[in-house]
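> Sharing a structure, written as C-alpha coordinates. Questions coming.
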Amino acid sequence: MSDFTHAAGENDALVIIDVQNDFLSGGALAVPDGDAILPGVEQLAGQFENVILTQDWHPSGHASFAATHPGKAPFEVIEMPYGPQVLWPTHCVAGSAGAEFRLPTSVLEKAQMVVRKGFRAQIDSYSAFLENDQKTPTGLAGALRERGIERVVLCGLALDYCVGFSALDGRKLGFEVTVVQGATRGIAPESIAERLGQMRDAGVLVV
Ligand code: VGL
Ligand code: ZN
(Lines give C-alpha, C1' and ligand atoms only; values in the text may rest on other atoms or scores of the structure.)
(Ligands and ions follow the chains in the order given, each with its own letter.)
Protein backbone atom coordinates (compact mmCIF):
# COMPACT_ATOMS: atom_id res chain seq x y z
CA MET A 1 0.00 0.00 0.00
CA SER A 2 1.46 3.33 -1.01
CA ASP A 3 1.55 6.06 1.56
CA PHE A 4 0.03 9.34 0.41
CA THR A 5 0.47 11.13 3.72
CA HIS A 6 2.88 13.66 2.28
CA ALA A 7 1.36 13.82 -1.17
CA ALA A 8 -2.33 14.32 -0.53
CA GLY A 9 -2.92 18.05 -0.45
CA GLU A 10 -5.69 20.44 -1.22
CA ASN A 11 -5.27 19.92 -4.97
CA ASP A 12 -5.70 16.16 -4.69
CA ALA A 13 -8.84 14.12 -4.25
CA LEU A 14 -9.33 10.49 -3.36
CA VAL A 15 -12.20 9.13 -5.45
CA ILE A 16 -13.59 5.91 -3.99
CA ILE A 17 -15.40 4.09 -6.76
CA ASP A 18 -18.57 2.07 -6.09
CA VAL A 19 -17.78 0.43 -2.75
CA GLN A 20 -21.35 -0.84 -2.54
CA ASN A 21 -22.94 -4.04 -1.26
CA ASP A 22 -23.71 -5.43 -4.71
CA PHE A 23 -20.02 -5.39 -5.69
CA LEU A 24 -18.89 -7.07 -2.45
CA SER A 25 -19.35 -10.53 -0.91
CA GLY A 26 -22.98 -11.61 -1.06
CA GLY A 27 -23.83 -8.94 -3.64
CA ALA A 28 -25.50 -9.36 -7.03
CA LEU A 29 -22.29 -8.58 -8.95
CA ALA A 30 -19.67 -9.46 -6.35
CA VAL A 31 -16.14 -8.69 -7.56
CA PRO A 32 -13.78 -11.60 -6.80
CA ASP A 33 -11.81 -10.86 -3.61
CA GLY A 34 -13.46 -7.44 -3.50
CA ASP A 35 -13.73 -7.37 0.29
CA ALA A 36 -9.92 -7.43 0.49
CA ILE A 37 -9.78 -3.75 -0.52
CA LEU A 38 -11.80 -2.48 2.42
CA PRO A 39 -8.97 -1.92 4.94
CA GLY A 40 -6.85 -0.21 2.28
CA VAL A 41 -9.72 2.07 1.23
CA GLU A 42 -10.26 3.11 4.83
CA GLN A 43 -6.56 3.77 5.32
CA LEU A 44 -6.37 5.86 2.14
CA ALA A 45 -9.42 7.89 3.15
CA GLY A 46 -7.62 8.82 6.35
CA GLN A 47 -4.75 10.28 4.34
CA PHE A 48 -6.78 12.62 2.15
CA GLU A 49 -8.35 15.94 2.87
CA ASN A 50 -10.69 15.60 -0.11
CA VAL A 51 -12.67 12.38 -0.34
CA ILE A 52 -15.30 11.80 -3.03
CA LEU A 53 -17.50 8.73 -3.47
CA THR A 54 -19.18 7.36 -6.56
CA GLN A 55 -22.33 5.28 -6.33
CA ASP A 56 -23.64 3.07 -9.12
CA TRP A 57 -27.37 3.90 -9.12
CA HIS A 58 -29.67 2.34 -11.68
CA PRO A 59 -33.44 2.53 -12.16
CA SER A 60 -35.08 -0.91 -12.28
CA GLY A 61 -35.27 -2.09 -15.88
CA HIS A 62 -31.95 -0.37 -16.68
CA ALA A 63 -30.62 -1.08 -20.19
CA SER A 64 -27.44 -2.65 -18.76
CA PHE A 65 -29.37 -5.39 -16.97
CA ALA A 66 -29.60 -8.74 -18.79
CA ALA A 67 -33.10 -9.16 -17.32
CA THR A 68 -34.22 -6.11 -19.31
CA HIS A 69 -33.52 -7.96 -22.58
CA PRO A 70 -35.61 -11.12 -23.09
CA GLY A 71 -33.44 -14.11 -23.99
CA LYS A 72 -30.19 -12.44 -22.90
CA ALA A 73 -27.96 -13.67 -20.11
CA PRO A 74 -25.56 -11.77 -17.86
CA PHE A 75 -22.12 -11.12 -19.41
CA GLU A 76 -23.43 -11.31 -22.98
CA VAL A 77 -22.61 -8.22 -25.04
CA ILE A 78 -25.26 -6.29 -26.97
CA GLU A 79 -25.06 -3.35 -29.32
CA MET A 80 -26.39 -0.10 -27.86
CA PRO A 81 -26.72 3.18 -29.84
CA TYR A 82 -23.40 4.20 -28.23
CA GLY A 83 -21.60 0.90 -28.92
CA PRO A 84 -21.10 -2.51 -27.33
CA GLN A 85 -22.54 -2.97 -23.84
CA VAL A 86 -21.89 -5.85 -21.46
CA LEU A 87 -25.13 -7.07 -19.86
CA TRP A 88 -24.96 -7.42 -16.08
CA PRO A 89 -26.96 -9.14 -13.41
CA THR A 90 -29.47 -6.69 -11.92
CA HIS A 91 -27.40 -4.65 -9.46
CA CYS A 92 -27.30 -1.34 -7.58
CA VAL A 93 -30.95 -0.55 -8.11
CA ALA A 94 -31.57 2.95 -6.77
CA GLY A 95 -32.67 2.82 -3.15
CA SER A 96 -32.01 -0.91 -2.71
CA ALA A 97 -29.80 -2.46 -0.01
CA GLY A 98 -27.41 -3.59 -2.75
CA ALA A 99 -26.81 0.02 -3.75
CA GLU A 100 -25.81 1.08 -0.24
CA PHE A 101 -22.19 1.83 0.54
CA ARG A 102 -20.22 -0.72 2.54
CA LEU A 103 -17.84 1.80 4.05
CA PRO A 104 -17.01 2.70 7.65
CA THR A 105 -18.90 5.61 9.16
CA SER A 106 -15.66 7.58 9.35
CA VAL A 107 -15.32 7.45 5.57
CA LEU A 108 -18.98 8.25 4.93
CA GLU A 109 -18.73 11.24 7.24
CA LYS A 110 -15.59 12.48 5.58
CA ALA A 111 -16.93 12.21 2.03
CA GLN A 112 -17.48 15.66 0.54
CA MET A 113 -19.41 14.60 -2.52
CA VAL A 114 -21.28 11.59 -3.83
CA VAL A 115 -21.39 11.21 -7.59
CA ARG A 116 -24.21 8.95 -8.71
CA LYS A 117 -23.96 7.37 -12.13
CA GLY A 118 -25.97 5.07 -14.33
CA PHE A 119 -29.26 6.72 -13.42
CA ARG A 120 -30.36 7.21 -17.03
CA ALA A 121 -32.35 4.14 -18.06
CA GLN A 122 -30.86 3.97 -21.56
CA ILE A 123 -27.17 4.72 -20.88
CA ASP A 124 -24.79 2.81 -18.66
CA SER A 125 -22.04 4.72 -16.90
CA TYR A 126 -18.85 3.06 -15.77
CA SER A 127 -16.71 6.16 -15.51
CA ALA A 128 -17.03 8.69 -12.72
CA PHE A 129 -16.61 11.40 -15.38
CA LEU A 130 -18.51 10.41 -18.53
CA GLU A 131 -21.33 8.02 -19.26
CA ASN A 132 -20.78 5.14 -21.67
CA ASP A 133 -21.85 7.26 -24.65
CA GLN A 134 -18.49 9.02 -24.00
CA LYS A 135 -20.13 12.44 -24.02
CA THR A 136 -22.70 12.84 -21.24
CA PRO A 137 -20.81 14.32 -18.27
CA THR A 138 -21.53 13.32 -14.67
CA GLY A 139 -20.44 16.76 -13.49
CA LEU A 140 -17.39 15.50 -11.60
CA ALA A 141 -14.81 17.13 -13.89
CA GLY A 142 -16.49 20.51 -13.52
CA ALA A 143 -16.71 20.15 -9.76
CA LEU A 144 -13.03 19.25 -9.49
CA ARG A 145 -11.93 22.10 -11.77
CA GLU A 146 -14.06 24.59 -9.90
CA ARG A 147 -12.29 23.56 -6.73
CA GLY A 148 -8.79 23.59 -8.23
CA ILE A 149 -8.31 19.85 -7.84
CA GLU A 150 -5.74 18.66 -10.36
CA ARG A 151 -4.97 15.13 -9.28
CA VAL A 152 -7.31 12.25 -8.56
CA VAL A 153 -6.30 9.08 -6.76
CA LEU A 154 -8.64 6.19 -7.50
CA CYS A 155 -9.52 3.07 -5.57
CA GLY A 156 -12.60 0.85 -5.30
CA LEU A 157 -14.46 -1.45 -7.70
CA ALA A 158 -14.16 -2.69 -10.30
CA LEU A 159 -10.66 -2.20 -11.72
CA ASP A 160 -11.59 -3.33 -15.25
CA TYR A 161 -14.80 -1.27 -15.45
CA CYS A 162 -15.61 1.68 -13.25
CA VAL A 163 -12.14 2.30 -11.84
CA GLY A 164 -10.41 1.73 -15.18
CA PHE A 165 -12.72 3.89 -17.26
CA SER A 166 -12.67 6.62 -14.62
CA ALA A 167 -8.88 6.64 -14.83
CA LEU A 168 -8.91 6.83 -18.65
CA ASP A 169 -11.53 9.58 -18.76
CA GLY A 170 -9.74 11.47 -16.00
CA ARG A 171 -6.62 11.58 -18.16
CA LYS A 172 -8.66 12.55 -21.23
CA LEU A 173 -10.13 15.45 -19.27
CA GLY A 174 -6.71 16.68 -18.18
CA PHE A 175 -6.32 15.37 -14.64
CA GLU A 176 -3.32 13.63 -13.16
CA VAL A 177 -4.54 10.15 -12.27
CA THR A 178 -3.15 7.57 -9.87
CA VAL A 179 -4.73 4.16 -9.29
CA VAL A 180 -3.89 2.33 -6.07
CA GLN A 181 -3.75 -1.27 -7.23
CA GLY A 182 -3.84 -2.72 -3.71
CA ALA A 183 -7.14 -0.99 -3.06
CA THR A 184 -8.97 -2.19 -6.17
CA ARG A 185 -9.99 -5.56 -7.64
CA GLY A 186 -11.36 -6.48 -11.06
CA ILE A 187 -14.08 -8.73 -12.45
CA ALA A 188 -12.19 -10.74 -15.13
CA PRO A 189 -8.47 -11.36 -15.87
CA GLU A 190 -8.67 -10.47 -19.59
CA SER A 191 -10.41 -7.14 -19.09
CA ILE A 192 -8.12 -6.33 -16.14
CA ALA A 193 -5.05 -6.87 -18.35
CA GLU A 194 -6.58 -4.82 -21.17
CA ARG A 195 -7.49 -1.92 -18.89
CA LEU A 196 -4.10 -1.87 -17.14
CA GLY A 197 -2.43 -1.62 -20.56
CA GLN A 198 -4.72 1.21 -21.64
CA MET A 199 -4.15 3.02 -18.36
CA ARG A 200 -0.37 2.82 -18.67
CA ASP A 201 -0.56 4.04 -22.28
CA ALA A 202 -2.70 6.96 -21.14
CA GLY A 203 -0.23 8.04 -18.47
CA VAL A 204 -2.16 6.75 -15.47
CA LEU A 205 0.18 6.10 -12.57
CA VAL A 206 -0.51 2.65 -11.15
CA VAL A 207 1.01 2.22 -7.71
C1 VGL B 1 -19.59 -1.60 -12.49
C2 VGL B 1 -20.43 -3.10 -13.99
C3 VGL B 1 -21.67 -2.50 -13.95
C4 VGL B 1 -18.44 -1.15 -11.67
C5 VGL B 1 -20.83 -0.97 -12.44
O6 VGL B 1 -18.64 -0.48 -10.63
O7 VGL B 1 -17.29 -1.46 -12.07
N8 VGL B 1 -19.41 -2.66 -13.28
N9 VGL B 1 -21.85 -1.43 -13.16
ZN1 ZN C 1 -23.80 -0.71 -12.89
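The values are calculated or read from the model by the stated rules, or taken from the named source; none is laboratory data. The structure presented is a predicted model; accordingly, all values stated were derived computationally and were not measured. Glycine gets a Cβ as well: all are built from the backbone with ideal geometry, and neighbour counts include every protein chain shown. In case anyone asks, the SASA skips ligands and DNA or RNA and just uses the protein heavy atoms, side chains included. Shrake-Rupley method; radii C 1.70, N 1.55, O 1.52, S 1.80 Å.
> Could you rank the peptides 120-130, 139-149 by their average count of other C-beta atoms within 10 Å per residue, with the highest value first?
Highest-to-lowest ranking by the protection proxy: 120-130, 139-149.
> Over the chain, average the accessible area per residue using a 1.4 Å probe and give it in Å², no decimals.
42
> As an exercise, identify the chymotrypsin sites (Phe, Trp or Tyr not before Pro) in the stretch 44-103 lying in DSSP coil whose Cβ has no more than 16 other Cβ atoms within 10 Å.
Passing both the DSSP loop test and the Cβ count: Phe75, Tyr82.
> Moving on to the next point. Mind listing the phi-derived Karplus ³J(HN,Hα) values for the stretch 21-31, rounded to whole Hz, using 6.51, -1.76 and 1.60 with θ = phi - 60°, and x for any glycine or proline?
Per-residue couplings from phi come out as 3, 5, 9, 10, 3, x, x, 5, 9, 5, 7 Hz.
> Determine the relative contact order of the chain: mean sequence separation of Cα pairs under 8 Å and six or more apart, normalised by residue count, in whole percent.
Over the chain, the number comes to 25 percent.
> Short version: ³J(HN,Hα) in whole Hz for each residue of the stretch 109-114, in order, from phi by Karplus 6.51 cos²θ - 1.76 cosθ + 1.60 (θ = phi - 60°), x for Gly and Pro, what are they?
Couplings: 5, 6, 4, 8, 7, 10 Hz.
> List, in order, the whole-Hz ³J(HN,Hα) value for each residue of the stretch 62-75 obtained from phi through the Karplus relation with A = 6.51, B = -1.76, C = 1.60 and θ = phi - 60°; use x for Gly and Pro.
The phi angles translate into 4, 4, 7, 8, 4, 4, 6, 10, x, x, 9, 10, x, 6 Hz.
> Tell me which residues come under 5 Å, amide H to amide H, from Arg116 once H is placed; ignore anything under 5 positions away on its chain.
Long-range HN contacts for Arg116: Gln55.
> With a 1.4 Å probe and every protein chain kept in, tell me what percent of the accessible surface of the stretch 57-168 is carbon plus sulfur.
Looking at the stretch 57-168 in its full context, I get 57 percent from C and S.
> Next up: Provide the convex hull volume over Cα atoms per residue for the stretch 1-159, in Å³.
Cα convex hull per residue, to the nearest whole number: 111 Å³.
> Assuming a ≥ b ≥ c are the square roots of the Cα gyration tensor eigenvalues, decide whether the stretch 108-207 counts as rounded (a/c under 1.5), prolate (otherwise, with a/b larger than b/c) or oblate.
Rounded shape, in that the Cα axes give a/c under 1.5.
> What is the set of long-range amide H partners of Val206 at a cut-off below 5 Å, with H atoms built 1.01 Å from backbone N?
Close amide H contacts, sequence-distant or interchain: Val179.
> Rounded to the nearest 500, what is the 222 nm mean residue ellipticity of the chain from helices alone, with -39500 (n - 2.57) per DSSP H run of 4+ residues and division by all residues?
-6000 deg cm²/dmol
> Could you pull out every residue, at least 5 positions away or on a different chain, whose amide H is within less than 5 Å of the one on Thr184? Hs are placed 1.01 Å off N in the peptide plane, and Pro or chain starts have none.
Residues meeting the amide H criterion: Gly156.
> Compute the distance in nm between two label points, each set 7 Å from the Cα along the Cα-to-Cβ direction, one at Arg147 and one at Gln112.
Taking the simple label geometry, Arg147 and Gln112 are separated by 0.3 nm.
> What percent antiparallel are the DSSP beta bridges of the stretch 16-157, to the nearest 5?
Given both bridge residues lie in the stretch 16-157, the antiparallel proportion sits at roughly 35 percent.
> Is the shape of the stretch 4-62 rounded, prolate or oblate, going by the alpha carbon gyration tensor and its root eigenvalues a ≥ b ≥ c, with a/c under 1.5 for rounded and a/b larger than b/c for prolate?
oblate
> So what's the angle, to the nearest 10 degrees on a 0 to 90 scale, between helix 189-201 and the longest Cα principal axis of the chain?
Helix 189-201 sits at roughly 50 degrees to that axis.
> Among all the lysines, which ones have a C-alpha under 16 Å from Lys117's C-alpha, if same-chain residues fewer than 8 places away are not counted?
By straight Cα distance, Lys117 reaches Lys135.
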